[in-house]
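The values are calculated or read from the model by the stated rules, or taken from the named source; none is laboratory data. Keep in mind that what you see is a predicted model, and the values were worked out from it rather than measured. No Cβ is skipped: glycine too gets one built from the backbone with ideal geometry, and neighbour counts run over all protein chains shown. For accessibility, only protein heavy atoms count, side chains too; no ligands or nucleic acids. Shrake-Rupley method; radii C 1.70, N 1.55, O 1.52, S 1.80 Å.
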Amino acid sequence: MTEVWGLTGGIATGKSTVSHWLSLAGLKIIDADVIARQVVAPGTPGLRQICTTFGDHFRQPDGSLDRKKLGRLVFSQPEELHRLEAITTPLIQTEIRRQLALYREQNVTGIVIDAPTFYEVGYLVNLVDHVMVVATSATTQRQRLMARNGLDEAAAQARMDQQWSIAKKVALADVVIDNAGTIAQTRQQVVKWLDTTNLGSSAAVLAEELD
């Protein structure tokens, strides 16, 4: 029997690291961020629609979407973000459902839908059996985002404000991974969770070298 988990958190909370470990453990990952890039790749209907809606100046010389330029627009103006989501969300949803159906046909034991805005988009909740949230404090999240993306505090907070608070997500979660400490401490929580399920091997996660 296939068990489907949602994996979420907030931007820069460490969700991608946990997703990587779950993949090492043998779970199949459906990555919404990867899909979000695929549906607006050069030559796709998604990119054409974005350029029609926002202007062709959001297309780079090589034909790809200028994600940084578009990000500066949509994360500073919520109404523009809604316009973008109206284009991309249906495309992402279709691909997630396609991959999920394919893994179910293959009788995969454990599937993870990895999505930073898992709760915000709404429809994903109905596709999973349980939800895991990767959490940190808002201060830690903001500092990590500033360092990772080269943003000032206001810009980092603006991006965080486009998502639900971590506290709100934690309140709805079935499992919480606390990523406020060291990476080794976070990994141990994932290993402990794997050891309580039959979904994957914790040995592969423990074998990975940490910086």
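Across the range 166-184, the number of residues qualifying as open to solvent by less than 60 Å² (accessible area, probe 1.4 Å), in a helix (DSSP H, G or I) and of a type outside the set (K, R) comes to 3.
Applying the set (1) free of Cβ contacts under 8 Å to residues at least 12 places away in the same chain; (2) open to solvent by 60 Å² or more (accessible area, probe 1.4 Å) to L151 leaves exactly one unmet item: (2). When V131, V112, V190, V205 are checked against the criterion of being touching a residue at least 60 places away in the same chain (Cβ under 8 Å), surrounded by 19 or more Cβ atoms within 10 Å (Cβ to Cβ), in contact with an Asp or Glu (Cβ under 7 Å, 6 or more places away or on another chain) and β-branched (V, I, T), V131 stands alone in meeting it.
When Q162 is tested against (1) more than 16 Å from G14 (Cβ to Cβ); (2) open to solvent by less than 20 Å² (accessible area, probe 1.4 Å), just one condition goes unmet, and that condition is (2). Tell me yes or no: at least one residue of the range 63-78 is closer than 22 Å to I166 by Cβ, open to solvent by less than 40 Å² (accessible area, probe 1.4 Å) and either among the hydroxyl-bearing types (S, T, Y) or part of a helix (DSSP H, G or I) (or both). Yes, the conditions are met somewhere in the range 63-78. Close contacts from the range 9-25, counting a first residue that is over 17 Å from D161 (Cα atoms) and a second that is of a type in the set (S, T, Y) and surrounded by fewer than 24 Cβ atoms within 10 Å (Cβ to Cβ), with Cβ to Cβ under 8 Å and a gap of 6+ residues or different chains, come to G14/T136; G14/T186; T17/T186; V18/T186; A25/S201; A25/S202.
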